[in-house]
Amino acid sequence: PQELSNTVWSLATLKVKNPDIVQMLYGMCLRNAADFTPQDLSNTMWALATLKVLNPDLIQMLCSVWLEKSEGFNKQELSNTLWALATLRVQSPELVQMLSSECLRKVEGFNAHDLANTMWALATLEVQNPDLVEMMCSKSLAKIKEFTFPAARMVIGALATLEVHSSELSQKLCAMLKHKIKSPWTKNSFSTDSKEMLSRPGCLKVGSGVVVLANGDADLSSRIYCVVTRGSGNEGARVYPRGG
């Protein structure tokens, strides 16, 4: 099983998209999943999400095996699996709850990447776990210097979606993003319902799909707004006004 999961992990890492090989390997994973270790489960789920492979039978089997094992996962396996579930939009409340509980017990060892992946996953899956989110915000503050631009962007989006009012963390992440941002987005970048908000002072581009802006000033300290779009066009623009 380990050689099998390592192979699919390697294919995903190399972004190899060969449908015949991928489906053959995932068929083998389905037959051997009951013997997978936590690392095997995490690697396989991560590979499915990275290659955007929708294989309901295998996903259901992996989730079932995860629940049977219920312990022995390290921090990376936890965060990667939650990220994969969120990326694939897998609805498995019992597994998500179990993984969230494990994260709460092991969050002390999370690095910035683990924190960002997990917070983004919680927001995407609409998980309500105030204790975990509060703890992750605290750990994110302690590790703020370790955050990369993508990780900071993920956490900002998660805070907005989860309606988390963490002023100090928001301000520090925004200061980091502002420092790295090269040019503002114009109001024409988004759909009509977002134009008015994006015409305000302090509107800044934060990667592809997220905008952070201040409430009338450019220091990004008084209030945060995130605008999230789906796809590369203007369709599906959504505005999230949140206290920062």
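The values are calculated or read from the model by the stated rules, or taken from the named source; none is laboratory data. Everything numeric in this text was worked out from a predicted model, so none of it was measured. Methodologically, a virtual Cβ is constructed for each residue, glycine included, from the backbone with ideal geometry; neighbour enumeration extends over all protein chains shown. Heads up: the accessible areas ignore ligands, DNA and RNA and are worked out on the full protein's heavy atoms, side chains in. Shrake-Rupley method; radii C 1.70, N 1.55, O 1.52, S 1.80 Å.
Quick one: pull the percent of accessible area on region 9-66 belonging to carbon and sulfur, 1.4 Å probe, ligands and nucleic acids left out.
Details: 1760 of 2960 Å².
It is 59 percent, rounded to a whole number.
What is region 95-134 by shape, rounded, prolate or oblate, if you read a ≥ b ≥ c off the alpha carbon gyration tensor as root eigenvalues and call it rounded for a/c under 1.5, prolate for a/b larger than b/c, and oblate otherwise?
Values: a/c = 1.63, a/b = 1.20, b/c = 1.36.
Oblate, since a/c reaches 1.5 and b/c is not below a/b.
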Which three extents, in whole angstrom, do the alpha-carbon atoms of region 27-141 cover along their principal axes, largest first?
-> 42, 25, 22
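Within region 1-100, which trypsin sites (Lys or Arg not before Pro) sit in a loop by DSSP and count at most 12 neighbouring Cβ atoms inside 10 Å?
On the way: sites: Lys15, Lys17, Arg31, Lys52, Lys69, Lys75, Arg89; in loops: Lys15, Lys17, Lys52, Arg89.
Answer in residue order: Lys15, Lys17, Lys52, Arg89.
Taking K and R as +1 and D and E as -1, what net charge do the other residues with C-beta under 12 Å from the C-beta of Leu41 add up to?
That works out to -3.
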Of the GluC sites (Glu not before Pro) in region 33-116, those whose Cβ has at most 14 other Cβ within 10 Å and which sit in DSSP loop = Glu71
With DNA, RNA and ligands ignored, accessible area of Thr7 (1.4 Å probe; Å², nearest 10) = 60
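What does the accessible area per residue of region 1-121 come to in Å², with a 1.4 Å probe and no ligands, DNA or RNA counted? List each step's numbers first, then the result.
Details: 5820 Å² over 121 residues.
Accessible area per residue: 48 Å².
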